[in-house]
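The values are calculated or read from the model by the stated rules, or taken from the named source; none is laboratory data. Here the structure is a predicted model, which is why all the values come from computation and not from measurement. Cβ atoms come from the backbone with ideal geometry, glycine included; neighbour counts cover every protein chain shown.
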Amino acid sequence: MAQRLRPMHGYYAKLTAKKQRFVDEYLIDLNAYAAARRAGLSAVNIYHLLNRGDVQAAIRERREQLDGERSTPSSAARISTEQAVGYRHCRSA
């Protein structure tokens, strides 16, 4: 699977590598404890990390970017094609 390019501007780019990883992991399942563990951060300071203004802004920034990537026509067309192919395979089995 291809690695997603990270934005090089805004609040996200100003975070440390571990905090960037936390933001990415947090947006997967919105579970701060699990995201902190996967990012290699201490689970003790999750509350303080989520209340930091720069981390909140970075989460908003990444969410908007990811939502924009998901709504592109090419990704929608690819998904519908994959669903159609999968449907045909299920019908022939």
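Residues in region 18-42 that are more than 16 Å from Ala58 (Cα to Cα), outside any loop (DSSP other than H, G, I, E, B) and among the polar types (S, T, N, Q): 0 in all. In a residue-by-residue description of region 67-78, the property of being in a helix (DSSP H, G or I), in contact with a helix residue (DSSP H, G or I) (Cβ under 8 Å, 6 or more places away or on another chain) and at pLDDT 90 or above applies to no position. When we screen Arg52, Arg88, Arg63 for residues that are among the charged types (D, E, K, R) and modelled with pLDDT under 90, the only hit is Arg88. Only a single item in (1) surrounded by fewer than 12 Cβ atoms within 10 Å (Cβ to Cβ); (2) touching a residue at least 24 places away in the same chain (Cβ under 8 Å) is not met by Phe22, and it is number (1).
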